[in-house]
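Below is one structure; the comments refer to it alone.
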């Protein structure tokens, strides 16, 4: 069974600085999707970024980028120029590519932005 | 195009009562997923439905929980005889019919169930 592990329950970063959130996963599949979701206090789940495992290029969305290391099964999220609105829970997640299947979430990292 | 709708947003029930949570997927989406989020935890998959069919219910407790997605109307997650441990946020997500490409799941705002 696939698992997703986020080893940092909480992190803090100074506004305008850069922070990296860690995620590792375990799977025997070769093709899959990886995601980072943001959950602000409103509890709405917001998709931040998505990576297809067959793509070697790391996904980027504005200030958000990932470092995808397939062999190491590592998928970290880098947030550049942190803003107060980035404060939220961040969930790393996995989904099989060949089944219209469930998403498997990590336990999350709570990110605090210090003004 | 309205997003995934869930209602109610907040639901309070006493132990032993029934809870009915509703989810209207995005227009054109025929796949619905239900997830549960316990306090300070990530979301955990419960059940995956297509219209009139349960595809995967491996994450749903065998007793007291049921789900349906009828031909017409919203998907319903039903919890009978609720207990305090059922208190959680329940999220619904929908995705369009698969054509072999990436099928992003879009999440609703969640229903927060509190059992007194």
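None of the figures in this text is laboratory data; all of them are computed from the coordinates on show. Keep in mind that this is a model prediction, so the values were computed, not measured. Backbone-built Cβ (ideal geometry, glycine too); neighbour counts: all protein chains shown.
Some notes on this structure:
- Shielding by partners - mean other protein chain Cβ count within 10 Å, residues of A:29-37: 1
- Cα gyration tensor, the stretch A:64-103 - rounded (a/c under 1.5), prolate or oblate: oblate
- Using a cutoff of 8 angstrom between alpha carbon atoms and counting only pairs six or more residues apart, the relative contact order for the stretch B:1-97 works out to 36 percent.
- Inter-centroid distance (Cα atoms) of the stretch B:40-116 relative to the stretch A:64-79, Å: 29
- Chain B: radius of gyration over Cα atoms, expressed as a fraction of 2.2 N^0.38 Å: 1.02
- Dmax and Rg, reported as Rg then Dmax, of the stretch A:1-69 (C-alpha, Å): 13.4, 39
- Over the stretch B:1-57, Cα pairs under 8 Å with separation of 6+ residues give a relative contact order of 25 percent.
- Put the Cα centre of the stretch A:1-63 next to the Cα centre of the stretch B:1-18 and the gap is 28 Å.
- Pairwise label distance in nanometres, residue A:10 with residue A:78, each label 7 Å out on the Cα-Cβ vector: 2.7
- Annotation: the stretch B:11-75 has a Kirkwood hydrodynamic radius of 13.1 angstrom, from the mean reciprocal C-alpha pair distance.
- Taking only the C-alpha atoms of chain A, the Rg (one decimal) and the largest Cα-Cα distance, Dmax (whole number), read 13.6, 43 Å.
- Additional length obtainable on full extension of the chain from residue B:114 to residue B:58, 0.36 nm per residue less Cα span: 17.8 nm
- FRET efficiency for residue A:17 and residue B:10, using Cβ-Cβ distance with R0 set to 35 Å, rounded to 0.05: 0.45
- Measuring nothing but alpha carbons in the protein assembly as shown and taking Rh as the Kirkwood radius, the Rg to Rh ratio lands at 0.97.
- Whole-Å semi-axes of the stretch A:32-79's equivalent ellipsoid (Cα gyration tensor): 21, 11, 9
- Contact order relative to length of chain A, as percent, for alpha carbon pairs under 8 angstrom and 6 or more apart: 37
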